[in-house]
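Accompanying notes for the structure given below.
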Amino acid sequence: MRVLVTGATGFIGSHVAALLAERGDDVRVLVRRTSRVDNLAQIACEPVLGDLTDPASLVQAVEGCEQVYHVAADYRLWSPDPRLLYRSNVEGTLNVLRAAKDAGVGRVIYTSTVGALGIPADGSPGTESTPVTLADMVGHYKRSKFMAEEQAKEFAAHHDLDLVIVSPSTPVGEGDIKPTPTGKIIVDFLRRKMPAYIQTGLNLADVRDVAMGHLLAAERGRRGERYILGNQNITLQGILTLLADLTGLPAPKRQIPYGLAYAVGTVDTWVTGGLLKREPRVPIEAVRMARKMMYFSAEKAVNELGLPQSPIRDALGRAVHWFVEHGYAPRPTGMRE
């Protein structure tokens, strides 16, 4: 079938596009004039110029497509102009859905995030049905994705659009060109720029599994449902320990108290972000997000979609090798082949 993938130049989107091309689909990818296209080099696809904030370009992009995978998002924990996140993530999502509806697209897979989901107060993993409100969202990125998901569901219900929502947790693996905030953790570790850590936790998933989850959602997902695409809940200290074992580099041993991390983030965001207009090394939104363990359950996706659960260690190993091979960090002398 002919499919459109937005965000195919990015981390998750490039893996989604690659899987679609491998199974023989006619893959069209939305590309901005300013996009890096490194991740498209080995993918059989048709690039079309467009932008989420340009409705006319989306009308052309979806023409003749049977499915749309809307993976694109502005994923930043700091921006000199937060309005840009809402334009891309909220308005841009509605623009894609309108174009898909008008073009008679059969099914849309919308990539949300676990960041827009609720986290139980008792520390147990969050699920697709954990209660949550906009007031629970920390920072502009999470707020924009929460609003986008709510408006996407409302649009689909009112316009009879076949929509399935997937909520990736924290993907790791090769191809993280930006890199994402999680990729930056790996790069900072490799470059020895992480002398200490904060007590927090994440749900990690192999980016290949996350990509496969998109295709499985298109094939098996129930209309209007949401599926968490995740795998292993692990502390940041646990991630650093795995990286140490993979690379031969020592893991940081000092834990930073939350209060100190908050103070550093506040100053860095104000000085570097506010005064110098550069991305802070420690965005205050990242520190605020780290206060809660971001643990989630992918049981629904595993049971209903057959979501793979590949070892996280392997995905981290591929990420390390990719970052080293592409010049993001020097090769550790003790790193295994």
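The values are calculated or read from the model by the stated rules, or taken from the named source; none is laboratory data. It should be emphasised that the depicted structure is a prediction, and the values quoted were computed from it without experimental measurement. Cβ placement follows ideal geometry from the backbone for every residue including glycine, while neighbour counts extend to all protein chains displayed.
Considering each of 236, 204, 240, 229 in turn, give the residue that is closer than 17 Å to residue 171 by Cβ, without any contact (Cβ under 8 Å) to a residue 60 or more places away in the chain and in contact with a helix residue (DSSP H, G or I) (Cβ under 9 Å, 6 or more places away or on another chain).
Testing whether each residue is closer than 17 Å to residue 171 by Cβ, without any contact (Cβ under 8 Å) to a residue 60 or more places away in the chain and in contact with a helix residue (DSSP H, G or I) (Cβ under 9 Å, 6 or more places away or on another chain) leaves just 236.
Which count do you get for residues in the range 260-287 that are of a type in the set (Phe, Trp, Tyr) and either in contact (Cβ under 8 Å) with a residue 40 or more places away in the chain or loosely packed, with under 14 Cβ neighbours inside 10 Å (or both)?
1
A quick yes/no check of all residues on (1) aliphatic (A, V, I, L, M); (2) modelled with pLDDT of 85 or more; (3) touching a Phe, Trp or Tyr at 6+ places or on another chain (Cβ under 6 Å):
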site: 232; (1), (2), (3): no, yes, no
site: 236; (1), (2), (3): yes, yes, yes
site: 250; (1), (2), (3): no, yes, no
site: 261; (1), (2), (3): yes, no, no
site: 272; (1), (2), (3): no, no, no
site: 277; (1), (2), (3): no, no, no
site: 286; (1), (2), (3): yes, no, no
site: 293; (1), (2), (3): yes, yes, no
site: 298; (1), (2), (3): yes, yes, no
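Out of 110, 141, which single residue is crowded, with 23+ Cβ neighbours inside 10 Å, in contact with a Leu (Cβ under 7 Å, 6 or more places away or on another chain), of a type in the set (Phe, Trp, Tyr) and within 26 Å of residue 18 (Cα to Cα)?
110
Give me the strands (runs of 3 or more DSSP E) completely within the range 46-146, filtered to those with at least 2 residues that are modelled with pLDDT of 95 or more and hydroxyl-bearing (Ser, Thr, Tyr), ordered by residue number.
Filter on the range 46-146 gives 107-111.
Taking the condition over 24 Å from residue 315 (Cβ atoms) and among the hydroxyl-bearing types (Ser, Thr, Tyr), does residue 112 pass?
The answer is no for residue 112.
What residue, among those in the range 221-241 that are closer than 12 Å to residue 189 by Cα and crowded, with 18+ Cβ neighbours inside 10 Å, is farthest from the chain's Cα centre (by Cα)?
The residue in question is 240.
Exactly one condition in (1) buried (at least 18 other Cβ atoms within 10 Å of the Cβ); (2) modelled with pLDDT under 95; (3) not in a helix (DSSP H, G or I) is not met by residue 203; state its number.
(2)
When the range 21-50 is examined, which residues are found to be surrounded by fewer than 12 Cβ atoms within 10 Å (Cβ to Cβ) and hydroxyl-bearing (Ser, Thr, Tyr)?
Correct list: 34 only.
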